[in-house]
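What follows is one structure encoded as structure tokens, with my remarks underneath.
The values are calculated or read from the model by the stated rules, or taken from the named source; none is laboratory data. Keep in mind that what you see is a predicted model, and the values were worked out from it rather than measured. Note that each Cβ is placed from the backbone with ideal geometry, even for glycine, and that neighbours are counted across all protein chains shown. Heavy atoms of the whole protein, side chains included, go into the accessibility calculation; ligands, DNA and RNA do not. Shrake-Rupley method; radii C 1.70, N 1.55, O 1.52, S 1.80 Å.
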Amino acid sequence: MTRPLALFDLDNTLIDRLAAFERWAAEFAAERGLGEGAAAWLVEADADGSRPMDAFFGLVRERFGLAEPAGELWAAYRARLPHLVHCPGEVLDGLDRLRAAGWAVGIATNGMADNQTGKIERTGLATRVDGWAISGAEGVRKPDVRLFEIAARRCSASLGPGGWVIGDDPEKDVAGGRRAGLRTIWIDRGVTGGVVADHTVTDALSAIELLIQLN
């Protein structure tokens, strides 16, 4: 019997990327003596991760007159951020329960390979899922169906009926998952608008509980 597939987004789904970024911004501003308001400016300029990071660090370099090239600042950020992210224990336990209930569980995430791999490994997610696909390693980005296909193969599964994508991004996760032939659960972080998903929840644990009930 084929196991049903659940593909989770990483940032702001399984982990709180925004909270980790806020910690990084406070740390970066303090270490460099950037002054009052600098951390808040960094968070605003990041735009909840929607701004490309090469462009972001170009802005940071210009704003604060930093000597390092933008690429060097970005590399240092990618090395540091995995140390600042956290996956709640109840989510890790929930993923264990989901797999014990017969699900193939994976991660499909956009981002640089070093940064995203570091997050997966340092949070304990690496031992809680069957496989993952990272856009920076694979050369394709969500909502491209090919990233979901790669993630499914890493989980020894395939796309098709009974499979789900769980994530917070209306286009990359919900629309992308639907184009991949999968049903979707949207993690609503307070964004309003016409997001058409099969189910809407507020966090990853609620999505996990829903999937366990559905199986």
Quiz item: How many of the residues in the range 1-50 are among the basic types (K, R), touching a residue at least 40 places away in the same chain (Cβ under 8 Å) and in a helix (DSSP H, G or I)?
Solution: 2
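Residues checked against (1) among the basic types (K, R); (2) surrounded by fewer than 16 Cβ atoms within 10 Å (Cβ to Cβ); (3) modelled with pLDDT under 95:
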| site | (1), (2), (3) |
| --- | --- |
| R122 | yes, no, no |
| I150 | no, no, no |
| C155 | no, no, no |
| P161 | no, yes, yes |
| G177 | no, no, no |
| T202 | no, yes, yes |
Exercise. Sort through A30, A25, A39 and tell me the only one that's open to solvent by 40 Å² or more (accessible area, probe 1.4 Å), modelled with pLDDT of 95 or more, within 20 Å of P82 (Cα to Cα) and not β-branched (V, I, T).
Key: A30
Self-check item: Every residue from the range 81-93 that is free of Cβ contacts under 8 Å to residues at least 60 places away in the same chain, open to solvent by 40 Å² or more (accessible area, probe 1.4 Å) and either farther than 16 Å from A25 by Cβ or touching a helix residue (DSSP H, G or I) at 6+ places or on another chain (Cβ under 6 Å) (or both)
Solution: D93
Quiz item: When the range 107-120 is examined, which residues are found to be open to solvent by less than 20 Å² (accessible area, probe 1.4 Å) and without any contact (Cβ under 8 Å) to a residue 40 or more places away in the chain?
Solution: N115
Quiz item: Out of all the residues in the range 182-195, is one or more modelled with pLDDT of 95 or more and touching a Pro at 6+ places or on another chain (Cβ under 8 Å)?
Solution: yes
Quiz prompt | Residue among A104, A100 that alone is open to solvent by less than 40 Å² (accessible area, probe 1.4 Å), at pLDDT 95 or above and more than 15 Å from the chain's Cα centre (by Cα) | solution = A104
Quiz item: Scanning for something in contact with a Phe, Trp or Tyr (Cβ under 8 Å, 6 or more places away or on another chain), open to solvent by 70 Å² or more (accessible area, probe 1.4 Å) and not aromatic (F, W, Y), does the range 2-20 turn up at least one residue?
Solution: yes
Quiz item: If you go through the range 62-79 one residue at a time, do you hit one that is touching a residue at least 40 places away in the same chain (Cβ under 8 Å) and either surrounded by 14 or more Cβ atoms within 10 Å (Cβ to Cβ) or at negative phi (or both)?
Solution: yes
